[in-house]
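First the structure, in the form of structure tokens, and then the observations on it.
The values are calculated or read from the model by the stated rules, or taken from the named source; none is laboratory data. Owing to the predicted nature of the structure, the values given are computational and were not obtained by experimental measurement. Every residue, glycine as well, gets a Cβ built from its backbone with ideal geometry; the counts of neighbours run over all protein chains shown.
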Amino acid sequence: MPHPSSAPEPPVIASGSNSQVKRARALLKDSGGGHGRRFGDLFAAEGVQIATRALRAPDWDIEQIIVSDPDRSPALADVEHLAQARRVPVARVTAPVFLHVTQRQMPAGVVVLAHRRVHRLDELPGDRPFLVLEHPSAPGNIGTIVRTCEAAGLGGVTLIGPHADPFSPSAVRSSMGSVFGVPLAPGIGAGDLVTWARRSGHALIGTSGGAAESLWEAELPDRSAIILGNEGAGMTPELQAACDAMVRIPFSPAVDSLNLSAAAAVIAFEYRRRVPLVE
């Protein structure tokens, strides 16, 4: 006989037409545009590590987690315990329903639904440089750069102009959960960035393969915004003209450019090389 104070477990959802299932499936199919979202500021991502990061991030509003009931491994049980400790609702579904939600051949067994959390420029830490991405078009690049930013201990990531959605499933997956640990300031206008930098005393450091100054010799002050341009077009001439300095990453003349996320990693860890993390 169950203990009088114990609440019965909710039934396992076995229908793909369930409203919670349909909402999660729609969020995981989000193309990453970020406009006209059907569910307000909600986004979804899949994976044990990502769900764990989300549930351990105290300032984030987590709406729900969905767990594949037959696949409840010790790792998934730990995720459920974290959710219960934070009073986050848990929906358990059958394996076929979970496959319907994720549409992945090898699903991870848990989906987390969270509310977007964005920052203003003046909310970014002022004691470390942060990265600025101008018109980034690939969500995977954004997520990888967010993860690099956290690994190198930089202050955050800002996205200016039209850009891919940093909370799309592919971006969050590429970040491996770092989206829950790195301040993000998306949707900033280029003019607003320049005005804010002049007012706050931040140096604007642009990047271009044609710049005269090498990254290895350039100054990277703590109060700086380091700008990387679009994957194909690079930085716009207008923003280059507003920069206090333009730098290039030296590399072999056999190639003409680096992938955006690779360039961000080189810059981030060049700063970290100069100012080591205190472990």
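Give, as residue ranges, the strands (runs of 3 or more DSSP E) completely inside region 127-238 that count at least 3 residues that are of a type outside the set (Gly, Ala, Ser) and out of contact with any Cys (no Cβ under 8 Å at 6 or more places or on another chain).
Numbers: elements: 130-134, 157-160, 184-188, 203-207, 224-228.
Filter on region 127-238 gives 130-134, 157-160, 184-188.
With the requirement that a residue be touching a helix residue (DSSP H, G or I) at 6+ places or on another chain (Cβ under 6 Å) and not aliphatic (A, V, I, L, M), what does region 166-183 give you? It would help to see each step written out before you state the result.
Quick first cut of region 166-183, residues touching a helix residue (DSSP H, G or I) at 6+ places or on another chain (Cβ under 6 Å) only: 166, 168-172, 174-182.
The answer is PRO166, SER168, PRO169, SER170, SER174, SER175, GLY177, SER178, PHE180, GLY181.
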Problem set entry | Residue list for region 204-220, restricted to those being more than 27 Å from the chain's Cα centre (by Cα) and surrounded by 13 or more Cβ atoms within 10 Å (Cβ to Cβ) | ALA211, GLU213, ALA218
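Counting just the residues of region 64-79 that are within 23 Å of GLN103 (Cβ to Cβ) and surrounded by fewer than 21 Cβ atoms within 10 Å (Cβ to Cβ), which one comes out farthest from the chain's Cα centre (by Cα)?
Taking region 64-79 as the starting set, the residues that turn out to be within 23 Å of GLN103 (Cβ to Cβ) are 64-73, 75-76, 79.
Still in the list and also surrounded by fewer than 21 Cβ atoms within 10 Å (Cβ to Cβ): 64, 69-73, 75-76.
Details: GLN64: 19, ASP69: 28, PRO70: 30, ASP71: 27, ARG72: 27, SER73: 26, ALA75: 23, LEU76: 22 Å.
Once the filter is applied, the top-ranked residue is PRO70.
Can you tell me how many residues in region 239-279 are part of a helix (DSSP H, G or I) and free of Cβ contacts under 8 Å to residues at least 24 places away in the same chain?
Residues of region 239-279 part of a helix (DSSP H, G or I): 239-242, 260-274.
Remaining after also requiring free of Cβ contacts under 8 Å to residues at least 24 places away in the same chain: 241, 262, 273.
Adding up the residues that qualify gives 3.
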For this session: Go through the residues of region 84-107 one by one and say whether even a single one is among the small types (Gly, Ala, Ser) and either assigned by TED's automatic domain parsing to the domain that holds PHE180 or closer than 20 Å to SER178 by Cβ (or both).
Result: no
Seminar exercise, completed: If we keep only residues of region 229-273 that are among the aliphatic types (A, V, I, L, M) and closer than 20 Å to SER200 by Cβ, then the residue surrounded by the fewest Cβ atoms within 10 Å (Cβ to Cβ) is ALA241
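Quick one: which of GLY201, GLY187 is surrounded by fewer than 19 Cβ atoms within 10 Å (Cβ to Cβ) and under 18 Å from ASN141 (Cα atoms)?
Details: GLY201 fails: under 18 Å from ASN141 (Cα atoms).
Going through GLY201, GLY187 in turn, the sole match is GLY187.
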Problem set entry | Hits in region 145-168 (condition: surrounded by fewer than 23 Cβ atoms within 10 Å (Cβ to Cβ) and over 18 Å from GLY234 (Cα atoms)) | ARG147, GLU150, ALA151, ALA152, GLY153, GLY155, GLY156, ASP165
